[in-house]
Structures are given as C-alpha cells and as structure tokens.
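The values are calculated or read from the model by the stated rules, or taken from the named source; none is laboratory data. In this text, all values refer to a predicted model and were calculated from it rather than measured experimentally. Ideal geometry is used to build each Cβ from the backbone, glycine not excepted, and the neighbour counts take in all protein chains shown. Ligands, DNA and RNA are stripped out before the accessible areas are found, and what is left, the full protein with its side chains, is counted by its heavy atoms. Shrake-Rupley method; radii C 1.70, N 1.55, O 1.52, S 1.80 Å.
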Amino acid sequence: MANPRIVIVGAGFGGLFATKALAKAPADILLIDRQNYHLFQPLLYQVATAGLAPSDVAWPIRSIVTRQHNAAVLLGEVVGVDRAEKLVVLENESIHYDYLVIATGAQHAYFGHDEWRSVAPGLKSIDDATYLRRKLLLAFERAENCNDLDERRRLLQFVIVGAGPTGVELAGAIAELAHHTLVKDFRRIDPRSARVVLIEAGPRVLPGFSEPMSRYAKESLQKLCVEVRVNSPVTQCDAGGVTIGEAQREERLSAGTVLWAAGVAASAAGTWLNEATDRQGRIDVMPDLSIDGDSNLFVIGDTAHIVDSRGVTVPGTAPAAKQQGRYVARVIKSRLNRRRSPAPFRYRSIGNLATIGRRSAVVEFGAIKLKGRLAWWLWGIAHIYFLIGIPSPLIVSIRWLWEYVTYGKGARLITGDSNDAS
Ligand SMILES: Cc1cc2nc3c(=O)[nH]c(=O)nc-3n(C[C@H](O)[C@H](O)[C@H](O)COP(=O)(O)OP(=O)(O)OC[C@H]3O[C@@H](n4cnc5c(N)ncnc54)[C@H](O)[C@@H]3O)c2cc1C
C-alpha cells in the first residue's frame, strides 16, 4: 500500500518545521510554496536597508530538505482547497492529500485603503525588501543629482507608518544608513540631512512591550535622529507623502519615500476553506490545531487564531509558528502510528524582542526586562538560536553579525528597474 500523503502548504516557519519534524514519519510529504526559498523574516528589514544581502536571510527550500527522503518540494501557488475530494488546488493541477497542513502566513493590511499599497510598500518578501532597498538608495542618488532644494529635501524625507517592531527596526536602520553608512559617499548632499519620521496611530511605540520599554525605545530612536509621532493616525497616503492626525488637526508630511509597517492580515486560507475568520482573517482552530469537523486538516502559524490550553492567545511570531509546526507533526505521527494523541497545544513564550539600531534593543522575558547594549547582544544571540534549522546556521550567523557590527557595505546595490521605485 502507498504511504499516506501529507501536503504542507507554505515553507515558512510553521510549514518548514512541520516538514522537518515529520522526517521519520511513514508518509510521503509534499511541501508546496509559491517561492523557492524559506525566508527568515525577522532580518528582512536589514535587506531593505542595505545591511544584509538577500542570500543572508533566505535559503532554497529544496536544499533545506534535500536529505529528507520522505519529503518532496513543489513550487506553485495554491488557490483553493476542495475539502470534499481532499484536493489542494493549484493553478494548473490539483493534488490529493490524506493530511493537509496550511501554513501560508500573513500579508500586509492597509485597513481598507488598498490604494495606498502602491505608494506605501510593506515588507514581507525578498522582492519587497529589494524594492524598498532600491527606493531608499535611489532617494539619496536622486537627491545628489537634484538642483531644486525643495525637491531635494522631499527626496530625503522618509516616513514609516506603524511603530511595532518592524517599523521601529526600519526607522532605526534608515537613520543609521543616513548618519553612518552613507555619510562619506556623497559630495553634493549631506546624507545626515535626511529626515526619518516614524508614525504611530496609538499612544506609544512598541505597544506590545511594557510602558518603560516603549519609552526607552522612543528615546533611543530620538537619539538616532528619528522623529517619533504618536497618536497620529494616517488619513491619507499618496506619492507626495502622508496626512496624519484627526480632522481639524490634520498635518501634511511631505515625503519622497513612505514605508508601510502598520498591519498584517492572514493569508486567504479562510476563503479556500470556507471557514469563519477573525478580524485579521485568521481561522479558529481546535486545541490540536485541526479544523472543527475535519480532523486531518490543520492550520498553523500566522493564518491560525489559537487560544491555547491555558487560555493564552498565541502571537503571530516565528517561535510560535515553529512550535505549532512541530506540534502538528506530533499529532500526525501519533495518528499514523495509531498512538494516543499528544495533549492539546501549549505555547511556550520566549519573550518579546526588538532592536533599535545596531547598539540598542529591548527584551522582555516575563519579569526580566533588559534594554540597551546587553539587550542588543541577547537579541543577536536569540536570532542565532532562531537560525537553527536552516543550512549552516553558524556560518550564516557569523556573517550577518560581522556585516551588522561593521556596517557592511556590500549590500548597497540598486538592482532592478530604477523607474519603478520613483
Ligand atoms: C518584516 C517582518 C519582521 C518580523 N520580525 C519578527 C521577529 O523579529 N520575531 C518574530 O518572532 N517574528 C517576526 N515576524 C513574524 C514572523 O516572521 C511570522 O510570525 C512567521 O513567519 C509566521 O510563520 P508562518 O509559517 O505562519 O508564515 P510565513 O513564515 O510567512 O510563511 C508562509 C509561507 O507560505 C507561502 N505561501 C503563502 N501563500 C501561499 C500560497 N497561496 N501558495 C503557496 N505558498 C504560499 C509563502 O511564500 C511563505 O513561504 C516578522 C514578520 C515580518 C514580515
């Protein structure tokens, strides 16, 4: 008899770690992704700000599972699921599954203003990151070439919308690009004249952190010359900049570059499965991460809404997705081996981390709260730990730590079509 087929859609943290944890399962695994690489999203902002090269944060999926003989990889975009026939639907074919794990992650959310997408790009993929890098570097190049002082000023204004970890990290890194990395390279402009503005609708930056940490992050950003504007919801976003603030107290910020780090929504899996979702499009799952009434179908990672067995709402983070991937593999293995199912999924928090530039970070592990340089090193070590599971984690971590600490210059390449970043 043929082995049962486990189809895993998405080779992000959830899907990849499920696949690896199924290495010894008596099953054929098919890992489908629309990209041929696994992306380490926590360091993506460094590609966008020319700190690291794309190949430092992404690795071909095939090479990661090359030694796993029960796993095959398929490059393709899933567009639906036929639950009655147990088929995963791709554009040109349908594939049968016995078990299905959906781990398709999240995408940007523009809170009903999809028209802002083209003027305020977000950061989710390597293509997004190289596009942002092109936009940022071209802004300095165009300013160097520009005789009109007003236009030069506009080109050197960078607005980041959303002060969660990604927005804070982007703002800090752009400020450092302007104030350190590029300083000696231009003749007509002073890159330090760049204005970096971080905008947040809520009352503080890093709202997921405690108040003192959030205050520290704001002060650290200000030391890097980032202008922080809280209580400033964006009401308009266009090629010339953004409008912020409530009616009557609106303010226009002109900017040559606007970046979006304000919100995420789950992938379209809720539509494929015809399941109810929460406001962020995440699907409610059972305690074993399966779908109610469909025990061979699992949804994990950023696409799932999970309240674990202790009542903890599981966050949309890389460690949470990894834990769910490993857990689902245990559930499937127990079924294949006719063993008792594991206890319901329990999330183990590894804390909250965010970095502000190259020397400072905030870290919260329960009651332990750290900030500054020590927190930055902890942040670095935690990211090296996260890298375990990808090829050559030690070599990769040494390379990026070196590039990072020395303001590596190799990644400042403008690639692709210069016109599409104007
Ligand atoms: C810029 C950024 C910075 C972040 N920083 C941190 C951080 O510092 N710490 C942290 O813990 N978390 C961070 N996160 C969040 C973390 O990366 C996610 O929570 C985690 O990646 C979720 O894992 P996942 O497996 O659910 O989805 P993902 O890792 O997003 O993987 C989803 C996969 O599904 C594939 N896919 C999607 N749709 C389809 C389809 N239709 N067909 C085929 N394949 C498809 C995608 O190509 C992708 O490979 C960050 C996220 C971003 C965007």
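Just a few scattered comments:
- Label zone at Ala239 (point 7 Å along Cα-to-Cβ), backbone N below 17 Å, segment 89-122: 115-121
- Of all DSSP beta bridges in the chain, antiparallel share, percent nearest 5: 50 percent
- Virtual spin-label span in nm between Glu211 and Glu93, 7 Å along Cα→Cβ: 5.8 nm
- For segment 143-209: relative contact order, % (alpha-carbon pairs under 8 angstrom, 6 or more apart): 45 percent
- Relative to the current alpha-carbon distance between Arg249 and Thr406, full extension at 0.36 nm per residue lengthens the span by 52.2 nm.
- Solvent-accessible heavy-atom area per residue, rounded to whole Å², over the chain at 1.4 Å: 46 Å²
- Karplus-derived 3J(HN,Hα), 6.51/-1.76/1.60, for each residue of segment 81-87, Hz, glycine and proline x: 9, 9, 5, 5, 8, 6, 10
- Charge sum, other residues only, whose C-beta stays under 12 Å from Ala261's C-beta, Lys/Arg counted +1 and Asp/Glu -1: -2
- The mean sequence distance of close C-alpha pairs (under 8 Å, at least 6 residues apart), as a share of the length of segment 44-106, puts its relative contact order at 15 percent.
- Potential lengthening between Leu75 and Asp284 on full extension [0.36 nm per residue; Cα-Cα distance subtracted]: 72.5 nm
- Peptide packing for 198-205, 223-230, 183-190 was compared via the average number of neighbouring C-beta atoms within 10 Å per residue; ordered from the highest value, the list is 198-205, 223-230, 183-190.
- Highest mobility in the GNM of the chain, judged by mean-square fluctuation with C-alpha springs under 10 Å and restricted to Gly112, Gly167, Gly351, is found for Gly112.
- Summarising the amide proton neighbourhood of Ile8: residues at separation of 5 or more, or on other chains, whose placed amide H is nearer than 5 Å comprise Leu30, Leu31, Ile32, Val101.
- For the chain, size of Cβ-based charge dipole, Lys and Arg +1, Asp and Glu -1, in debye: 1780 debye
- Sulfur and carbon atoms: percent of accessible area, the chain [1.4 Å]: 51 percent
- Rounded to the nearest 0.05, the FRET efficiency derived from the C-beta distance between Asp148 and Ile384 at R0 = 41 Å is 0.35.
- Contact order relative to length of the chain, as percent, for alpha carbon pairs under 8 angstrom and 6 or more apart: 19 percent
- Of the residues Ala84, Gly112, Gly380, the one whose Cα sits farthest toward the positive end of the charge dipole of the chain, with +1 on the Cβ of Lys and Arg and -1 on the Cβ of Asp and Glu, is Gly380.
- Segment 297-305 - phi-based ³J(HN,Hα) in whole Hz, Karplus 6.51/-1.76/1.60, Gly and Pro as x: 10, 10, 10, 9, x, 5, 8, 9, 10
- For His179, net neighbour charge (Lys/Arg +1, Asp/Glu -1) across residues whose Cβ lies under 13 Å away: +3
- FRET efficiency for the Ile368 to Lys24 pair, using the beta carbon distance and R₀ = 56 Å, is estimated at 0.95.
- Taking the Cα centre of segment 72-136 as origin and assigning +1 to Lys and Arg Cβ atoms and -1 to Asp and Glu Cβ atoms, the resulting dipole is close to 440 debye.
- Backbone amide hydrogens, once placed in the peptide plane, bring Phe186 within less than 5 Å of nothing, excluding anything fewer than 5 places away on its chain.
- Highest mean packing first, where packing is the average number of other Cβ atoms within 10 Å per residue, the peptides 310-316, 249-255 line up as 249-255, 310-316.
- For the chain, the spread of Cα positions along the three principal axes, ordered from largest to smallest, is 74, 47, 46 Å.
- Helical runs assigned H by DSSP (4 residues or longer) give the chain a calculated mean residue ellipticity at 222 nm of -8500 deg cm²/dmol, each run adding -39500 (n - 2.57) before division by the residue total.
- For Gly10, net neighbour charge (Lys/Arg +1, Asp/Glu -1) across residues whose Cβ lies under 12 Å away: -2
- Gain on full extension, evaluated as 0.36 nm per residue between Val312 and Lys223 minus their Cα-Cα distance, stands at 28.5 nm.
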